[in-house]
Amino acid sequence: MAFGVGLSIGTVNTVCVTAADRSARRGAQSAARRGAQSAARRGAPPPTTWRTTLTFDSSGTARVGRIPRHGRVITEFADLTQRGAPVARVGHRALSAADLVATVANSVIEEVLGKAPAGQDTKADTAITVTYPAGYSEILVNDLRTALDGVGLPSVRLLSEPVAAAAWLAAQRDPLMPGLALVYDLGGSGLDVTLVRVGAGAPSNPIVGLPLHSADFGGRAFGGMVAKCLRNASDAPVISRVSSDSDTGALRTEHVRSSLRLVYKCLRIADVTMADVDRVLVVGGAARPPEVADVLAEELARPVSVAPDPERTIADGAAIVARQAARSQDSVAHRHHVLADLFRRVTRVAAL
């Protein structure tokens, strides 16, 4: 009866994933199907990924993932740590970066589940988890919490990205032995490295040491690296300047090897070595090429786990956590129903 929705809002892309028990009620399942059926009528696959962009029409209604030919599109707002984060003015409202992230969450959830009735943000058997970077301060997390409340999503749970990724790993390798996992999150805008306790007995806050972030690695940084190599070869014939697959693979291998300095810094801060790490979990949209996992496995000499589509891993884990929360809520509601029914029966017998 439990239905979970996981949402990962990155600087470049937003990913939404749903997870349902086989016994989930038709109402919760059909809500998610409506988005897929609507997309199918438009001749498109069910939506799971959106560009993290926002546009607002004349009525103030937000649209996610669109790049209009004319008019203003708001981008680069998902990272709340950046200075001078975009602020949008919609009508008489000024929206902060946290407000914009919450607007993306609300718009995507409405597209996937349908608009909730007034005064109710989700169905009783549905839970939603939205992830955020592990490096966020408590102030930034509170800002995001306030913004979600402001768009009518007070029951949405917030979860750090590496913890959501670890939840995916636990679901894939159930039971997962207790230990330490290194989450290597290579996204479009940067690299995040985090150590996480996993398996039975893991604490409620399983992050070990400090999560580290660098914009020197990732999809954009690698694209800049390729462009620089092409510029350096600008005096060569055009046909020889076109980068081949082998050239790109070699550059990506160098790129990933260079990123290991961030990994070792993360280990030093936590006062551990790679010998203490049981597994490396690779996630992020820029981690799709096989060279990423191959280099990490070779250089770190630890087992590497990577999903077929690593861009979905964090959202998948968030959906799993949401489903577990919905299952727990449903169990509590069932117990309350049983106790209430028992109380009514006892009261009826006493009255006789």
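Every read-out reported here was derived from the displayed coordinates using simple, explicitly stated rules and does not represent laboratory data. No experiment lies behind these values; they were computed from the predicted model shown. Note: ideal-geometry Cβ built from the backbone for every residue, glycine included; neighbour counts use all protein chains shown.
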Computed on Cα atoms, the radius of gyration and Dmax of the range 177-307 in angstrom are 16.6, 61
For Ile269, Ile320, ascending order of other Cβ atoms within 10 Å (fewest first) is Ile269, Ile320
With the 8 Å Cα cutoff and a minimum separation of six or more residues, the range 177-307 has a relative contact order in percent of 31 percent
Note: Val272 to Leu210 extended length (0.36 nm per residue) minus current alpha-carbon separation gives 21.1 nm
Cα-only Rg/Rh for the range 102-192 with Kirkwood Rh rounds to 1.02
Here the residues of the range 53-78 lying in the modelled label zone of Glu110, meaning backbone nitrogen under 11 Å from a point 7 Å along Cα-to-Cβ, are 57, 60-64
Note, Ala181: beta-carbon cut-off 15 Å, +1 each Lys/Arg, -1 each Asp/Glu, net -2
Ranked on Cβ counts within 10 Å of their own Cβ, fewest leading, Thr129, Thr55, Thr194, Thr11 go Thr55, Thr11, Thr129, Thr194
Here the residues of the range 169-197 lying in the modelled label zone of Thr75, meaning backbone nitrogen under 20 Å from a point 7 Å along Cα-to-Cβ, are 187-191
With the label point 7 Å along the Cα-to-beta-carbon line of Met225 and a cut-off under 13 Å to each amide N, the hits in the range 172-200 are 186-187, 190-191
